[in-house]
Amino acid sequence: MHSDEPSKRAAVFVLGCKVNQAEANGICQILADHGFQIGRPENEPHLVVVNTCCVTSRAEAKSRRLVKRLQRLFPEARLVVTGCLAQTSPECFAGTNEKLKVVGNDQKTELNRILSAMGWLGVSADKNERSGDWGFADLGVKRSTGKAREFIKIQDGCPQSCTYCIVPSARGPSRSLSADRIFAHVKTLRDNGAAEIVLTGVNLGCYGHDLGSPKGLEGLLFDLLVRDFGVRFRLSSLEPQHISSGLIDLLATSEQMCRHFHIPLQSGDDEILTKMKRPYNTAFIREVTYGILRRIPDACLGFDVIVGFPGETEEAFRRTVDLVTELRASYLHVFPFSPRPGTEASRFPHNVSESEIRGRVERLGLVAKELRADFWRRSVGKTLPAVVESGPDPSTGDVLVRSDNYIPVYCPGTGNVTPDRYILVRVTGVEDSRVWGTIESFREVP
């Protein structure tokens, strides 16, 4: 994005989840509206914004290191630190730099005002912005993207009390963006070339509960589909208890919906799930997953798994491996357990050693690699709807496309390949840890 005042430069950094990414995109647009040129950090920005993460101890450490590194790299820049770490531990940035300002998640609704009050190089009177008022921070969407896939945050916060999770403290209670605002954001992204829109939230299945919507997420999707925006929609992480038969039917029958479920499983052992205070057991997971696969045999099924939770025995870990293998997971996101201060699990006896956790992560990673390869191999010979994700590669001419069931397919370059194009891709093989295919045709809308 360019500005009439090229001397006003900003850089935005984001860590963590798709919600943070969606917010960072909105922050970029807010800054552009303030006359900033958003560019690469080596262009010596005057203003730096960091959207932090603290979902794990490692994520928190990474956020802290990034802020310190940016302070060293750009000592003259104003630095705004926001996101989950800014909410849960603003004191960790205290006294680090007079040019640093901390904006908690509960103050993101006022981010536009805060940036305006700062001026483009000014210093705000208050170092920390905290209000305790958990409104929905609709930061908008980028109006110029050049990407096939863009994000809209439609839900924030979480009402659950999982024993390992700091997110309810970092994000507050569940709240939703109005349908009218969502429709407006979809239209903006579509008009600016986005071909796929990811609807994201902290606990996406809670969408609409605070708005009094009787059908919640399912009703919102139906309203989006009947309006025929000419884009396809993908759902981000969705808790298993929120995957209804009606939701499965929508993904099974509409070409505008991507056949992709990302499910926070966390464990395949019932005792561990109980200690985590997850609201389901493995029998329920099987019921939901087999329900998906009966209606959508080619669905992509991704699972989050936490390894090394306190009390996880070798047998409990084995049950997790057996479950994800039985359910033929398409991919896994594997997280080593790390205790978060302020959570119930941080007070549990940590009887799984670091070396055991590392070993289990490695073993489950090998299982995940084979499960992913098996899912990819099952796609060979099939023709799938896709969008152009990147390319052509300057050295090979290959184009990367993404199928609706989340398979990355590399294709020989051809004319008219741009990120706003819908295509049909035929998968021809899996080789060298890549899926290969050929573009069969272009389509205007899904």
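Taken together, the values in this text are just the output of simple stated rules run on the coordinates, not laboratory data. Note that the coordinates shown come from a computational prediction; the quantities given were computed from them, not determined experimentally. When we count neighbours, we look across all protein chains shown, and the Cβ atoms used for this are built from the backbone with ideal geometry, even at glycine.
List of remarks:
- Globularity index of segment 44-113 is 1.03 (Cα radius of gyration / 2.2 N^0.38 Å, N = number of residues).
- As a calculated quantity, the FRET efficiency between residue 57 and residue 244 at R0 = 25 Å, using C-beta atoms, amounts to about 0.15.
- Three-way shape call for segment 335-403 based on the alpha-carbon gyration tensor, with the a/c threshold at 1.5: prolate
- Put simply, when 204-211, 157-164 are sorted by average Cβ atoms within 10 angstrom per residue, most first, you get 204-211, 157-164.
- Under 19 Å from a label point set 7 Å out along the Cα-to-Cβ vector of residue 270, the amide N atoms of segment 300-321 belong to 311-321.
- Note on residue 76 and residue 160: the model spin-label points, each 7 Å out from Cα along the C-beta direction, lie 4.8 nm apart.
- Only Lys, Arg (+1) and Asp, Glu (-1) charged, at Cβ; segment 328-418 dipole about Cα centre in debye: 300
- Charged-residue dipole, Cβ positions (Lys, Arg, Asp, Glu), segment 258-326 about Cα centre, Debye nearest 20: 360
- Cα gyration tensor shape of segment 383-443, rounded if a/c is under 1.5, else prolate or oblate by comparing a/b with b/c: oblate
- Computed with the Debye formula from one identical point scatterer per Cα of segment 149-378, without solvent, the log10 of I(q)/I(0) at q = 0.08, 0.14, 0.17 Å⁻¹ comes to -0.31, -0.94, -1.28.
- Computed from the Cβ-Cβ distance with R0 of 60 Å, the FRET efficiency linking residue 378 to residue 113 stands at 0.70.
- Whole-Å semi-axes of the ellipsoid equivalent to segment 9-129 (Cα gyration tensor, √5λ, descending): 19, 15, 15
- Charging the Cβ of each Asp and Glu at -1 and of each Lys and Arg at +1, and nothing else, the dipole of the chain about its Cα centre rounds to 420 debye.
- Fully extended contour minus Cα-Cα distance, from residue 280 to residue 169, at 0.36 nm per residue: 37.7 nm
- Between 154, 205, 359, the Cα set farthest toward the positive side of the dipole of segment 149-378 (charges on each charged residue's Cβ, about the Cα centre) is that of 154.
- The calculated 222 nm mean residue ellipticity attributable to helices in the chain amounts to -10000 deg cm²/dmol, summing -39500 (n - 2.57) over DSSP H runs of n ≥ 4 and dividing by all residues.
- Counting every alpha-carbon pair across the chain, the share separated by more than 39 Å comes to 22%.
- Peptides 29-38, 426-435 ordered by packing proxy, namely the average of other Cβ atoms within 10 Å per residue, highest first: 29-38, 426-435.
- Residues of segment 191-212 with an amide N closer than 16 Å to a point placed 7 Å from the Cα of residue 223 along the Cα-to-Cβ direction: 199-200, 205-212.
- In segment 329-385, a dipole from Cβ-located charges (positive for Lys and Arg, negative for Asp and Glu) runs towards its positive end, and of 375, 334, 350 it is 375 whose Cα lies farthest in that direction.
- FRET efficiency estimate (nearest 0.05) - Cβ-Cβ, residue 44 to residue 304, R0 35 angstrom: 0.35
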